[in-house]
1. Counting other beta carbons within 10 Å of each residue's own, what order do Glu21, Glu26 fall into, fewest first?
2. Ordered by residue, what ³J(HN,Hα) values in Hz, to whole numbers, does the range 84-91 give under the Karplus form 6.51 cos²θ - 1.76 cosθ + 1.60, where θ = phi - 60° and Gly and Pro are x?
3. What residues qualify as long-range amide H neighbours of Ile82, i.e. H under 5 Å apart, gap of 5 or more or another chain, H built at 1.01 Å from N?
4. Hey, rough spin-label estimate for Leu40 and Ser75, points 7 angstrom out along Cα→Cβ, what's it come to in nanometres?
5. On average, how much area does the Cα convex hull of the range 1-73 cover when viewed from any direction, in nm²?
6. Rank these for me by crowding, His24, His35, going from fewest to most other beta carbons within 10 Å.
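Only the coordinates and a few stated rules stand behind these numbers; no lab work does. A quick note: this is a predicted structure, and the numbers were derived from the prediction, not measured. Glycine also receives a Cβ, built like all others from the backbone with ideal geometry; neighbour counts cover every protein chain displayed.
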Amino acid sequence: MQDLDIQISNDGQRLTLGLGEGEHLEIDASTLWTHCPSALRRSRRLAGLDTAAPSGISIARVAPIGNYAINIAFSDGHDRGIYPWVLLRKLARLPKLSDFLIADTSRPISDLPHTTSCSRTFT
């Protein structure tokens, strides 16, 4: 891959990739850790273990692997995942919590509509 720009945020919480032709990907550390393609991480996901990233996980370093992928090392010592560009693009497009939050800064929270409770008996 030509014109590759790899940047880790100062706090290690985000990876930004410039892939050329104006394509930029931004992926947070917890998403990368959770979806790590290493054999260990895959087997643990299949077993239902380690389904969420450890609190405070960060990216320690990134290294290109040929023209097809990057290797990411995390603050917990895990460094076996090889992330192909196809996977990185997919991870960058996953929905984030912020995609579902609506920020209405024009009104104080006390002015937002309230819900009322009701009771109903089901038979």
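1. The fewest-first ordering by Cβ neighbours comes to Glu21, Glu26.
2. For the range 84-91, the Karplus-derived couplings read x, 4, 4, 5, 4, 4, 5, 5 Hz, x marking Gly and Pro.
3. The list, which skips near neighbours in sequence, is Ser38.
4. Roughly 1.8 nm, to one decimal.
5. Taking the Cα atoms of the range 1-73, their convex hull projects to 5.2 nm² on average.
6. By the 10 Å Cβ count, ascending: His24, His35.
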